[in-house]
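Participant: Handing you this structure, nothing more for now.
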Amino acid sequence: MSQERIAGEFREGMPFLGGHLWIDFLNTTPVIKGMALDLIGDRESLGRWAKQANLTIPAAAEADTIEDLRSLRAELEAAFGQLAAGLPLPRRTLEDINRRIARSGTRLHVAEQGGLPVIEERATLVGPPVATAVAWDFAHFLKAFDRERMRHCDNPACTMQFYDVGKNNRRRWCSMSVCGNRDKIAQYRARKASARA
Ligand SMILES: [Zn+2]
């Protein structure tokens, strides 16, 4: 249950540009063409989103419920703001995350690479698969993060948030192809308009 670190990308029209699974999970309420969507609003959408998030859902897994996922999302939404502002997380949030990851754990696995042993950490997640993976990812995020890298997209009409993994920490847009280009076009029009004036 790991994700590749891609700065910004849409998969099947869904945004995966948060830089971390838990932030992609927050970004499941995009506003597209003026319409607010919920990408995990029903079981079918949830299945589609989970697949694109590279989450494997074992057949025997406990089921996630939409209600529980929405409550987790609201909680992490608040946590994003608190962390970005350098504020402590409410005790209730810590307790909730701990409850969600309590049955999961990692084990070490020794593999070999070029004749040398490599130690891999493998996670076994137990619980409703989406909620547990998101809570697990969030807990890992807390180990080491730079709050200056937690940002909203610069387009005020956009709801996307992300963690800037770029070297220069200068990412402004959820994605260059959506909000970045919009800005470029706006600037171009403004330049043309002022050149005419
Ligand atoms: Zn945006």
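Participant: Hey, which of the strands (runs of 3 or more DSSP E) in the range 108-180, taking only ones fully inside, have at least 3 residues that are open to solvent by 70 Å² or more (accessible area, probe 1.4 Å) and of a type outside the set (Phe, Trp, Tyr)?
Facilitator: On the way: elements: 116-124, 150-152, 161-163.
Result: 116-124.
Participant: Oh, and also: Do you know which of the residues in the range 34-77 that are surrounded by fewer than 14 Cβ atoms within 10 Å (Cβ to Cβ) and aliphatic (A, V, I, L, M) is nearest to Trp22 (Cα to Cα)?
Facilitator: Selected residue: Ala74.
Participant: Hey, another quick one. Give all pairs with beta carbons closer than 7 Å in which a residue from the range 164-178 that is on the phi > 0 side of the Ramachandran plot meets a residue that is among the basic types (Lys, Arg); count only pairs at least 6 apart in sequence or on separate chains.
Facilitator: Filtered contacts from the range 164-178: Asn169/Arg149.
Participant: Examine the range 42-51 for a residue that is over 18 Å from Ala139 (Cα atoms) and part of a loop (DSSP other than H, G, I, E, B), and state whether such a residue exists.
Facilitator: Within the range 42-51 (the criterion being over 18 Å from Ala139 (Cα atoms) and part of a loop (DSSP other than H, G, I, E, B)), the answer is yes, since at least one residue qualifies.
Participant: A further question on this structure: Looking at Leu89 and the list (1) part of a helix (DSSP H, G or I); (2) of a type in the set (A, V, I, L, M, F, W, C); (3) away from the ligand (no atom under 16 Å from the Cβ), which single condition is not satisfied?
Facilitator: Of everything listed in (1) part of a helix (DSSP H, G or I); (2) of a type in the set (A, V, I, L, M, F, W, C); (3) away from the ligand (no atom under 16 Å from the Cβ), Leu89 misses just condition (1).
Participant: Scan the range 15-22 and tell me whether some residue there is free of Cβ contacts under 8 Å to residues at least 24 places away in the same chain and under 18 Å from the mean Cα position of the chain (by Cα).
Facilitator: No, the range 15-22 contains no residue that is free of Cβ contacts under 8 Å to residues at least 24 places away in the same chain and under 18 Å from the mean Cα position of the chain (by Cα).
Participant: Scanning the range 146-171 for residues that are among the charged types (D, E, K, R) and out of contact with any strand residue (DSSP E or B) (no Cβ under 8 Å at 6 or more places or on another chain), which turns out nearest to the ligand (Cβ to nearest atom)?
Facilitator: Ranking the candidates gives Asp154 first.
The values are calculated or read from the model by the stated rules, or taken from the named source; none is laboratory data. Every value quoted in this text rests on a predicted model; they were computed, and no experiment measured them. Reconstructed Cβ throughout: ideal geometry from the backbone, glycine too, with neighbour counts over all protein chains shown. Note: areas computed on protein heavy atoms with side chains; ligands, DNA, RNA excluded. Shrake-Rupley method; radii C 1.70, N 1.55, O 1.52, S 1.80 Å.
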